[in-house]
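The values are calculated or read from the model by the stated rules, or taken from the named source; none is laboratory data. Because the structure is predicted, anything quoted here is derived from the model rather than measured. Heads up, the Cβs are rebuilt from the backbone with ideal geometry, glycines too, and the neighbour counts pull from every protein chain shown.
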Amino acid sequence: MAERKGASTVTLSARPRVLGHAAVVGKKEGEGPLAGCFDAVFDDVTMEKESWEQAESALQKEAFTRALDHAGISPSQLDVLFAGDLLDQCTASTFAMRDYSVPLLGQYGACSTMAQTLAMAALAVDSGAADLAAAVTSSHFCSAERQFRYPLTYGGQRTPTAQWTATASGCVVVGMGGKGVRLREITVGRIVDMGVTDANNMGAAMAPAAADTLTRYFEDTDTRPGDYDLIATGDLGACGSSLLKELLSRKGLLLGSNYRDCGLMLFDRETQDVHAGGSGCGCSAAVLCGKILPQIERGELHDVLFVATGALLSATSARQGESIPGIAHLVRLTK
């Protein structure tokens, strides 16, 4: 059973494992630095569908079915599925999963959704509420632009602080036994709102939440940033990553060469026009499932903090001039 450690962190006593995982991406993501890490790269980002939203659902189905194949199980064997995305009412996930008779709990954490769904799946298995659980999320550049900014045909200009929503999806299957990556600890994020109102600078809105979650985790576990092989946030981008380092340094917590941001790992900012880096639910999901988990499996990494961040705005709240609340959830992964 899970046990509390300190004020905010939960230790997963049963040590559930990753039984299978998959990451699928679009053309732009497949041209980035992690090109060889993904299960599939789709050059046709319409996925042969009639709308961008349908394309995102198709992308999520690809990640889901491939992860289950890697785990050697069928959808009917899942006890629960935690799924979410950026669209209204999590429709990308709803329509992706409607063909499967799997108990589903929809999740919304904006770009933190991969960590949120993974944490929920781990807790379900660790508690005995489920033998097999899955976590899946996705995003699509075109569906996100239409909902949160402007339709592509508008041709709006993007500011230097803006990030590029990844066309990507990732899925993780969690259970007991086997030799997969262990899920060790979870720190659930708190809403932190520093009054940022610029929807084109979400890194600044999310960085304080990442700093809060990491600070609480280090206090609960009596550890320091240098104790881990990798601390991966997602997706703060260039602006948010710099701000996170500054915020933690004020508390005497220095992020060194073991710190990376998924939004800066997925794309090459020198050769790809992504401005401040990548974002979207699928960004950290694809980096986790395509790059980080395989590195732990191969023994290249042994102890990783995966800290996915989310900007909890909506198209309506942004138009009403509301500030952007941020959140960050942490999952510790070990060999």
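Suppose the filter is farther than 18 Å from I327 by Cβ, surrounded by fewer than 22 Cβ atoms within 10 Å (Cβ to Cβ) and either in contact with a Lys or Arg (Cβ under 6 Å, 6 or more places away or on another chain) or modelled with pLDDT of 95 or more (or both); does T223 pass it?
Against the criterion (farther than 18 Å from I327 by Cβ, surrounded by fewer than 22 Cβ atoms within 10 Å (Cβ to Cβ) and either in contact with a Lys or Arg (Cβ under 6 Å, 6 or more places away or on another chain) or modelled with pLDDT of 95 or more (or both)), T223 qualifies.
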Qualifying residue in region 55-71 (condition: assigned to a strand (DSSP E or B), among the aliphatic types (A, V, I, L, M) and in contact with a Phe, Trp or Tyr (Cβ under 8 Å, 6 or more places away or on another chain)): no
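Can you tell me which residues in region 1-36 are of a type in the set (A, V, I, L, M), outside any loop (DSSP other than H, G, I, E, B) and more than 30 Å from A55 (Cα to Cα)? Can you show your working first?
Quick first cut of region 1-36, residues of a type in the set (A, V, I, L, M) only: 1-2, 7, 10, 12, 14, 18-19, 22-25, 34-35.
Adding the requirement that they be outside any loop (DSSP other than H, G, I, E, B) leaves 10, 18-19, 22-25, 35.
V10 - this is the single residue of region 1-36 that is of a type in the set (A, V, I, L, M), outside any loop (DSSP other than H, G, I, E, B) and more than 30 Å from A55 (Cα to Cα).
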Any pair with Cβ under 8 angstrom, 6 or more apart, that starts in region 161-176 at a residue that is surrounded by fewer than 24 Cβ atoms within 10 Å (Cβ to Cβ) and ends at one that is assigned to a strand (DSSP E or B): G175/R17; G175/L19; G175/A133; M176/R17
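Pick out, from region 130-207, the strands (runs of 3 or more DSSP E) lying fully within it that include 1 or more residues that are at pLDDT 95 or above, touching a strand residue (DSSP E or B) at 6+ places or on another chain (Cβ under 8 Å) and under 18 Å from T91 (Cβ atoms). Before you say what the answer is, go through the steps one by one.
Numbers: elements: 133-139, 168-175, 182-187.
Qualifying strands (runs of 3 or more DSSP E): 133-139, 168-175.
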Residue selected from region 89-117 under the condition aliphatic (A, V, I, L, M) and more than 26 Å from K27 (Cα to Cα), by the criterion farthest from the chain's Cα centre (by Cα): V102
Residue in region 31-41 that is under 15 Å from A96 (Cα atoms) and among the aliphatic types (A, V, I, L, M) present: no
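Restricting attention to region 244-257, report how many residues are touching a helix residue (DSSP H, G or I) at 6+ places or on another chain (Cβ under 8 Å) and within 13 Å of L214 (Cβ to Cβ). Show your work before the answer.
From region 244-257, those touching a helix residue (DSSP H, G or I) at 6+ places or on another chain (Cβ under 8 Å) are 244, 247-248, 251, 253-256; that's our starting set.
Imposing the further condition that a residue be within 13 Å of L214 (Cβ to Cβ) reduces the set to 244, 247-248, 251, 253-255.
The qualifying residues number 7.
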Conditions (1) assigned to a loop (DSSP other than H, G, I, E, B); (2) without any contact (Cβ under 8 Å) to a residue 40 or more places away in the chain; number of the one not met by S76: (1)
Any chance G226 is touching a residue at least 12 places away in the same chain (Cβ under 8 Å), within 29 Å of A35 (Cα to Cα) and under 21 Å from the mean Cα position of the chain (by Cα): no
Complete set of residues in region 208-229 that are touching an Asp or Glu at 6+ places or on another chain (Cβ under 8 Å) and outside any helix (DSSP H, G or I): Y228, D229
Residue match in region 2-19 (condition: within 20 Å of the chain's Cα centre (by Cα) and loosely packed, with under 15 Cβ neighbours inside 10 Å): no
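When you scan region 246-335 for strands (runs of 3 or more DSSP E) that lie fully inside it, which ones turn up with 2 or more residues that are of a type outside the set (V, I, T), without any contact (Cβ under 8 Å) to a residue 40 or more places away in the chain and not assigned by TED's automatic domain parsing to the domain that holds A55?
Details: elements: 259-261, 303-311, 326-334.
Of the strands (runs of 3 or more DSSP E) lying wholly inside region 246-335, those with at least 2 residues that are of a type outside the set (V, I, T), without any contact (Cβ under 8 Å) to a residue 40 or more places away in the chain and not assigned by TED's automatic domain parsing to the domain that holds A55 span 259-261.
Answer yes or no: is there a residue in region 231-240 that is over 18 Å from A328 (Cα atoms), under 18 Å from the mean Cα position of the chain (by Cα) and either surrounded by 24 or more Cβ atoms within 10 Å (Cβ to Cβ) or at pLDDT 95 or above (or both). Give the derivation first.
Here is the first cut: in region 231-240, the residues over 18 Å from A328 (Cα atoms) are none.
No, the conditions are met nowhere in region 231-240.
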